[in-house]
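FYI, it's all coordinate maths here, none of it is from the lab. Since the model is a prediction, treat every value here as computed from it, not as a measurement. Positions of Cβ are generated from backbone atoms using ideal geometry, with glycine treated the same way; all protein chains shown enter the neighbour counts.
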Amino acid sequence: MMFELKNVTRRFGKKTAVDSVTLDIPQGQMVGIIGRSGAGKSTLLRMINRLQEPTSGSIHFAGVEVSSLRGQALRNWQRDCAMIFQQFNLVPRLDVLTNVMLGRLNHRSTAMSLLGLFSREERIHAIAALERLGIEQTALQMAGTLSGGQQQRVAIARALMQNPKMVLADEPIASLDPLNAKIVMDALRDINEREGITVITNLHTLDTARNYCERIVGMAAGRVVFDGKPSELTAEAVKQIYGTDKDGAGIDETMTSTSINVPAAAAANQSAGLQPLALAGL
């Protein structure tokens, strides 16, 4: 069940968004991809799911060349490789339960999908997915009435309905507050650990990548410049991924923290009327 990217490149005109990326990811890993905006992270995930085509190179899963699939075989891959987006991609005017059951579309006939006919088993499965994410009470609400954190959990429940072999999450916590970010990341880790499903997620926050991912891939200018364990993500590696300022200093990681804990020093500053750095960007 090895997943492989072999010299995958994507160009948009003269711009190279992803540049000769080669990765081997065993089944069951939770991988965080980090890097600056424009580093190629989202384009890479979209190529894996085949929402965008590689300009060159190939993508393989369990010995099948995913990058050459067409027709029903491609639809089957997009069913097996569930995608979770930053902007949730729910249908606001449909209730939550129906949004979750839409994850079954690639398992069903076209006629049943067009008629919106879902079986009792599919409804039970959808409710169970919502219960697992702690939002079963929202089942009959319109999706557009939910908070951002709730909508992202609905999107995860919809992905679970696909019975995927891999989950891709494109900046799943970028628009969430720290508490909802933790809930969403806990859910993704639970899917990874309980089902043994490979999870690949793009992240902007280094502490989140370190805390949740067993492997971190750092991208810069479309290339992989770091690939290792969280413990190997040193200050020098972070500089290689994110670059430095005009004085040669690296980024201040506290400015990208999603932590809701206030360290002692920060608490002292807060009592003195100063905003703690760890919360400054929230």
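Structure notes:
- Pairwise FRET efficiency - Ser119 versus Val64, Cβ, R0 = 41 Å, nearest 0.05: 0.90
- Residues Ile124, Ile156, Ile197, arranged from fewest to most other Cβ atoms within 10 angstrom of their Cβ, appear as Ile124, Ile197, Ile156.
- Cα-Cα over 27 Å, subset of Lys15/Lys229; Lys41/Lys229; Lys15/Lys165; Lys6/Lys182; Lys41/Lys165; Lys14/Lys182: Lys15/Lys229; Lys15/Lys165; Lys6/Lys182; Lys14/Lys182
- Full extension of the chain between Gln72 and Ala128 gives 17.3 nm of extra length, using 0.36 nm per residue less the Cα-Cα distance.
- Multiplying the residue separation of Phe12 and Asn163 by 0.36 nm and removing their Cα-Cα distance gives an extension gain of 51.1 nm.
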